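These notes concern the structure reproduced below.
The values are calculated or read from the model by the stated rules, or taken from the named source; none is laboratory data. It should be emphasised that the depicted structure is a prediction, and the values quoted were computed from it without experimental measurement. Cβ placement follows ideal geometry from the backbone for every residue including glycine, while neighbour counts extend to all protein chains displayed. What goes into the accessible areas is simple: the full protein's heavy atoms, side chains included, and nothing from ligands, DNA or RNA. Shrake-Rupley method; radii C 1.70, N 1.55, O 1.52, S 1.80 Å.
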Amino acid sequence: LEGMRGLLGQWGCDVHAALDLQAAMEAIDRMGRAPDILLADYHLENGTGIEAISAIRLRCGPELPCVLVTADRTPSLKAEAERLGIAMLNKAAGLRSVLQMGRPRRAAAAE
């Protein structure tokens, strides 16, 4: 978590990190708005990243761009993520291009 926060911070991202769903919801409350993009690790201490994404989308809207970061490459997980409109990222190397998903939403919100 700290490594990802540091990397994203170096790229100029405003990062609000959380270890679980409750902490993520509290971070959203402090922000006062939906995040531009949500990155979730698949394996969380309490549940899965897909469960967390689903709960946060219920609160923030189904259009929230989300990325599931995981080393799990099973076809069933890939199919579930696709069904829910969640991008999957198996390596941090492709992260910067995936983050562009949040840019149009921020621009639209500013108008």
Can you pull out every residue in the stretch 10-21 that is exposed (fewer than 12 other Cβ atoms within 10 Å of the Cβ) and in a helix (DSSP H, G or I)? Q10
Taking the conditions exactly as written (in a helix (DSSP H, G or I) and open to solvent by 50 Å² or more (accessible area, probe 1.4 Å)), does D29 satisfy them or not? yes
List pairs: first in the stretch 30-56 and within 11 Å of A18 (Cβ to Cβ), second among the β-branched types (V, I, T) and surrounded by fewer than 17 Cβ atoms within 10 Å (Cβ to Cβ), Cβ under 8 Å, 6+ apart or cross-chain? none
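Can you tell me which residues in the stretch 72-94 are open to solvent by 20 Å² or more (accessible area, probe 1.4 Å) and either aromatic (F, W, Y) or assigned to a helix (DSSP H, G or I) (or both)?
Residues satisfying the conditions are P75, S76, K78, A79, E80, E82, R83, A92, A93, G94.
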Residues of the stretch 51-71 that turn out to be surrounded by fewer than 15 Cβ atoms within 10 Å (Cβ to Cβ), farther than 18 Å from D29 by Cβ and not aliphatic (A, V, I, L, M), as a count: 3
Considering residues of the stretch 38-50 that are within 21 Å of D14 (Cβ to Cβ) and of a type outside the set (A, V, I, L, M, F, W, C) only, the residue least open to solvent (accessible area, probe 1.4 Å): G49
